[in-house]
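Structure first, then comments.
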There are 2 protein chains.
Amino acid sequence: MLSHGAGGQQSAAFIKRIILKYFGNPVLNSLEDAALLKNTPPDIAFTTDSFVVDPVFFPGGNIGDLAVCGTVNDLAVRGARPKYISLSLILEEGLAFADLKKILAAAAARAKEAGVTVACGDTKVVPRGKCDKIFINTAGIGHMLKNAAISPANIRVGDIVIASGALGGHSLAVMNARHKLGIKADLKTDSAPLNKMTAALIEALGPRVKAMRDITRGGLSTVLNELAGKRAGFEIEEQKIPVLPAARATAALLGLDILDMANEGSIVCVLSPDAAERALRIMRADKYGKNAQIIGRAVEGGKVLLATALGVHRLLRPPLGDVLPRIC
Amino acid sequence: MLSHGAGGQQSAAFIKRIILKYFGNPVLNSLEDAALLKNTPPDIAFTTDSFVVDPVFFPGGNIGDLAVCGTVNDLAVRGARPKYISLSLILEEGLAFADLKKILAAAAARAKEAGVTVACGDTKVVPRGKCDKIFINTAGIGHMLKNAAISPANIRVGDIVIASGALGGHSLAVMNARHKLGIKADLKTDSAPLNKMTAALIEALGPRVKAMRDITRGGLSTVLNELAGKRAGFEIEEQKIPVLPAARATAALLGLDILDMANEGSIVCVLSPDAAERALRIMRADKYGKNAQIIGRAVEGGKVLLATALGVHRLLRPPLGDVLPRIC
């Protein structure tokens, strides 16, 4: 009901009975206008993301765990240890409590897995038809890892590019669910918190980890183009890119390019060549990095080239617009 | 268009041409997945709020400056100096660029006034009819003021309660605009950044400032009930509460209670009695505190009592539900 977001007694009851049940902790429980975070180191990372995925439930996850993993991963790839997140809900009047509880339970489970504390939050309710079931914003604060020196400006010709996970599952699972395509392939989101894997990489390899990005909106093609700069571009071998067979077949069927698609539990990283083998071992030892592959290397020029199976090189550009909107 | 939020080339152009134009700064310009904040002190405050106000333009402001002031004030009343905010937009497809620019310009002006840096952001676009023009989330990080020792647990019988501003303008201005009531009274939002006033109070009075709250959703009645505890309640003199004449007349006409209404530029604070006169002088010297008044004091018992003009005492309870939803 609208009154659950209006700040009166019903808001207070909603927060105590629902929110604190899933997320209660000493920082949040004080319910002040702002949370007090102590023992903060001098260098922190700060990020935000709003999640509007449609539908809110899809194979392998829902908007709740997506909202936690997305912000955790944005901090992780910056070289930070995610510590605190905020959780701000915009609810459509009439959203079933059972659905909300499922979403919050999934968010709480992922927050626990990632080791982040929900420090503050907000709840608004808008009339029916003024949002689409639920939108969630999470902002996050991470403590920079001491050994991190991540900067795309450090990328040099000869550096190695690794993709951590199999691509395509998230976007295609959401699309299949949204448009009721009825495709019976094993498609599900890869949504997962990657902060343990990224921390292990940085702790072991320090400044030899030069860039990390989670392969979200715009897909691998966008991320690589963002990392390509004046000093180096990339040459990627199409055959080495880890893609699940079900995703490959579904994308081919639909005429879509997996390299333009958002993923929620896969990263690309660029490392010194001498760190490549160790990085691969570390990533493959993590449950979310089993499919890690060296997919290419940094080359002269600022472009991103894709070497296809037939040996042809084509320019890999970011997609112009909406491959698939509302994917996160 | 949907593609402006899909992460491809159009998203990138939108961010460079629009977002960086209004909010560009060295931290934001790097456009990494997370912003790196250096020289952070050990104690910080962290808060978040989503803004869904309807309509998005109203007398005296719009959703953009509201989103900045709201988060700035949540940090300010916690005893922090607001330093960084995030800005996350959920846009309805078809929102006019001219309207968006007005909103962002207002947000940028308030961020400048408050001295906060927009450190990170996000933009999503949802199809027509899936949100209501624009929703904005701002999260904020503040550096705790050294002299701050704000805790409602420190409130003792005899402490003084001050309200900083004239109440009622924001809610009634929004209501008048939303329902096209056509009331010709001088009603406008009080939305303003109060961090300079709160910092001046804390720097001068330190631990004698025991509690501060901005009087937002749920109004003065909710805020006072949240501050009332086991050790003390409050006795408030109705006649002393600063209310603008136009707001008083309009509320009477509509049969609404101003004490249940949200404000966006007014705070209540509880101080040691020996600090009251100095606090009043400091607040009245601030352009947003000119109407500051001592409105009551902390008394035995955990209740909030309202002494009316006729000398009757009534129990002041928080509103049950929605006096006016989507007010911020």
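The values are calculated or read from the model by the stated rules, or taken from the named source; none is laboratory data. Model, not experiment: these values are computed from the prediction. Virtual Cβ from ideal backbone geometry, glycine too; neighbours counted across all protein chains shown. In case anyone asks, the SASA skips ligands and DNA or RNA and just uses the protein heavy atoms, side chains included. Shrake-Rupley method; radii C 1.70, N 1.55, O 1.52, S 1.80 Å.
Database remark: amide H of residue B:264 closer than 5 angstrom to the amide H of B:170, B:190, B:191 (H placed geometrically; neighbours at sequence offset of 5 or more, or on other chains; Pro and chain starts carry no H).
Which whole-number value in Å² is the accessible area per residue of segment A:32-144, probe 1.4 Å?
Here the residues of segment A:32-144 average 27 Å² of exposed surface.
By the Stokes-Einstein formula, at 1.306 mPa s and 10 °C, chain B with its Kirkwood radius over alpha-carbon pairs has D equal to 77 µm²/s.
Look at where the Cα atoms of segment B:235-263 and of segment B:129-149 average out, and the two centres are 27 Å apart.
Here the accessible area of segment B:273-328 is 54 percent carbon and sulfur, with a 1.4 angstrom probe and all protein chains present.
Size of segment B:282-328 from its Cα atoms: along the principal axes, largest to smallest, the extents are 33, 32, 23 Å. Our coupling estimate for segment A:36-52, obtained by passing each phi through the Karplus curve with A = 6.51, B = -1.76, C = 1.60 and θ = phi - 60°, is 9, 10, 9, 6, 7, x, x, 10, 10, 10, 9, 8, 8, 8, 9, 10, 9 Hz, Gly and Pro reported as x. Segment B:96-122 and segment B:1-56 have Cα centres separated by 10 Å. For residue B:16, a cut-off of 17 angstrom between C-alpha atoms picks up these aspartates and glutamates, skipping any fewer than 8 places away in its own chain: A:226, B:32, B:33, B:122.
For residue A:212, the solvent-accessible surface computed with a 1.4 Å probe is close to 10 Å², ligands and nucleic acids excluded. First measure r as the distance between the Cβ atoms of residue B:38 and residue B:287, then evaluate 1/(1 + (r/R0)^6) with R0 = 22 Å and state the FRET efficiency to the nearest 0.05. Plugging the Cβ-Cβ distance into 1/(1 + (r/R0)^6) gives 0.10.
Against chain A, whose longest principal axis is taken from its Cα atoms, helix A:169-178 shows a tilt of about 50°. Taken per residue, the accessible surface of segment A:152-315 reaches 41 Å², heavy atoms only and a 1.4 Å probe. Spherically averaged projected area of the convex hull of Cα atoms, segment A:87-201: 11.0 nm². Net charge dipole, segment B:152-315: roughly 180 debye, given to the nearest 20, about the Cα centre with Cβ charges of +1 for Lys and Arg and -1 for Asp and Glu.
Calculate log10 I(q)/I(0) of segment A:32-144 for q = 0.19 Å⁻¹, where I(q) comes from the Debye formula with a single equal point scatterer on each Cα and nothing for solvent. Taking Cα atoms of segment A:32-144 as identical point scatterers yields -0.95. Computed from the C-beta positions of residue B:310 and residue A:102, the FRET efficiency with R₀ = 45 Å rounds to 0.30.
With 28 Å as the limit on Cα-Cα distance, the pairs of B:102/B:196; A:124/B:101; A:133/A:290 that go past it are A:133/A:290.
Need one number: buried accessible surface between chains A and B, 1.4 Å probe, both sides summed, DNA, RNA and ligands left out, in Å² to 100. Walk me through the numbers before you get to the answer.
Details: alone 15240 and 15230 Å², together 24620 Å².
Its buried surface, counting both partners, is about 5800 Å².
Phi angles of segment A:249-258 translate, via the Karplus equation with coefficients 6.51, -1.76, 1.60 and θ = phi - 60°, into HN-Hα couplings of 5, 5, 4, 4, 4, 8, x, 10, 9, 4 Hz per residue; Gly and Pro are given as x.
The Stokes-Einstein estimate for segment A:221-324, based on a Kirkwood radius over Cα pairs and taken at 37 °C with 0.692 mPa s viscosity, is a diffusion coefficient of 221 µm²/s.
The H on the amide N of residue B:51, modeled in the peptide plane, is under 5 Å from the matching H of B:136, B:137, B:138, each at least 5 residues off or on a different chain. Averaging 1/r over each pair of different alpha-carbon atoms in the protein assembly as shown and inverting the result gives 25.5 Å, the Kirkwood hydrodynamic radius.
Both radii are taken from the alpha-carbon atoms of segment B:152-315; with Rh as the Kirkwood radius, Rg/Rh is 0.97.
Counting from the shortest, the label point at residue B:313, 7 Å from Cα toward Cβ, is 8.6 nm from the same position in each remaining copy. Using a Gaussian network model of chain A in which every pair of alpha carbons under 10 angstrom is joined by a spring, one finds that among A:79, A:301, A:140 the greatest mean-square fluctuation is at A:301. Annotation for segment B:1-105: trypsin sites (Lys or Arg not before Pro) lying in DSSP loop with at most 10 further Cβ atoms inside 10 Å of their Cβ are B:38. As an equivalent ellipsoid, segment A:1-79 spans semi-axes of 25, 22, 11 angstrom, where each value is the square root of five times an eigenvalue of the C-alpha gyration tensor, largest first. Projecting 7 Å from Cα along the Cα-to-Cβ direction, the label point of residue B:153 sits 4.5 nm from its equivalents in the other copies, listed shortest first.
3J(HN,Hα) along segment B:94-99, derived from phi through the Karplus expression 6.51 cos²θ - 1.76 cosθ + 1.60 where θ = phi - 60°, amounts to x, 4, 5, 4, 4, 5 Hz, with x in place of Gly and Pro. In segment B:152-315, the DSSP beta bridges split such that about 80 percent are antiparallel, to the nearest 5.
Applying the criteria of a DSSP loop state and at most 16 other Cβ atoms within 10 Å to the trypsin sites (Lys or Arg not before Pro) of segment A:129-205 yields A:146, A:156, A:180, A:184.
Protein-only accessible surface at a 1.4 angstrom probe places the residues B:160, B:202 in the order B:160, B:202, largest first. Where both residues lie in the protein assembly as shown, what percent of DSSP beta bridges are antiparallel, nearest 5? Once the DSSP bridges in the protein assembly as shown are tallied, antiparallel ones form about 75 percent. Between residue A:112 and residue B:230, the FRET efficiency from the beta-carbon distance, with R0 = 30 Å, is close to 0.40.
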